[in-house]
């Protein structure tokens, strides 16, 4: 039960709490015990369960509901991750959000100084769940976005939750995927969904460092067969939020229908599988000759690059490595 009526439209609301999903469980897509967040260390040595640290009764969210009636299929939704801890202000963004019929939600105290796993990612998912419970939302128009470090968290959210977020708006912040800069790949079924996620890069023309980061990230997406990617210019801007005109262009791109060449995607994924198979065979050979150090190095390299995409094979290799007898004189 909500503690207040918040169904106003056309105004920015700072909610003391959004508590419809007070007991909502953060998951990494596997059924696990209640109120935990599962994450795996980079080398699959162990799995650690952490208590979900979010007490929604203590959280604040900025919510903007467009000053227009919802479409028949529901509003769109933009879950935004900001780089600052203060509540997000929307002075320049209300008109583009109205034009696109998008609800905006952003958590406070979720800036660059906050933990990604302990706060920023859980708050983004909880914001989505609560807004979806309160308003008619079109599941085909749910997006995640962010600015600077928040854009990098949005990229992580898009990778980890492609079944939730159909697109991502990366404003002045992005990274390559495939283990670089902490952007590990999810399990194969989710990665196939991510390959159909729309990614929009929008960075100020004077923000040269992040313009270059965007280029590197887009090249990485291409390498990993993520083709629904678009870059939107933001003339005369530096490392700062998009202005109204640039945001409108970015939202146009985010919502523009795209046709992915199925044959091209299949061929590209086949290349990835061939490369992975070769690396797995190399690790198998190291195991077969009893080369513990060589096998471990190869397993770690595969895990770092392919992550969840090769999780079953990595766990099998690691289990077989652990079962090898120790060499004489070692522990």
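The values are calculated or read from the model by the stated rules, or taken from the named source; none is laboratory data. A quick note: this is a predicted structure, and the numbers were derived from the prediction, not measured. Cβ atoms come from the backbone with ideal geometry, glycine included; neighbour counts cover every protein chain shown.
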| remark: Checking 118, 91, 113, 138 in turn, the sole residue that is modelled with pLDDT under 95 and in contact with a strand residue (DSSP E or B) (Cβ under 8 Å, 6 or more places away or on another chain) turns out to be 118
| query | When the residues of segment 157-174 are filtered to those that are part of a loop (DSSP other than H, G, I, E, B) and out of contact with any strand residue (DSSP E or B) (no Cβ under 9 Å at 6 or more places or on another chain), which remaining residue is surrounded by the fewest Cβ atoms within 10 Å (Cβ to Cβ)? | reply | 163
| message | For the list (1) surrounded by 13 or more Cβ atoms within 10 Å (Cβ to Cβ); (2) over 26 Å from the mean Cα position of the chain (by Cα); (3) touching a residue at least 12 places away in the same chain (Cβ under 8 Å), I need the number of the one condition that residue 308 fails. | response | (2)
| field | Number of the condition not met by residue 248 [criteria: (1) surrounded by fewer than 16 Cβ atoms within 10 Å (Cβ to Cβ); (2) at pLDDT 95 or above; (3) assigned by TED's automatic domain parsing to the domain that holds residue 92; (4) outside any loop (DSSP other than H, G, I, E, B)] | value | (1)
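Sort out which residues of segment 228-244 are over 11 Å from residue 93 (Cβ atoms) and either over 20 Å from the mean Cα position of the chain (by Cα) or in contact (Cβ under 8 Å) with a residue 40 or more places away in the chain (or both), and write them in order of number.
233, 234, 235, 236, 237, 238, 239, 240
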| Is there any pair linking a residue in segment 156-178 that is touching a residue at least 60 places away in the same chain (Cβ under 8 Å) and outside the structural domain of residue 80 (by TED's automatic domain parsing) to one that is part of a loop (DSSP other than H, G, I, E, B) and crowded, with 24+ Cβ neighbours inside 10 Å, with Cβ under 6 Å and at least six apart or on different chains, and which? | none
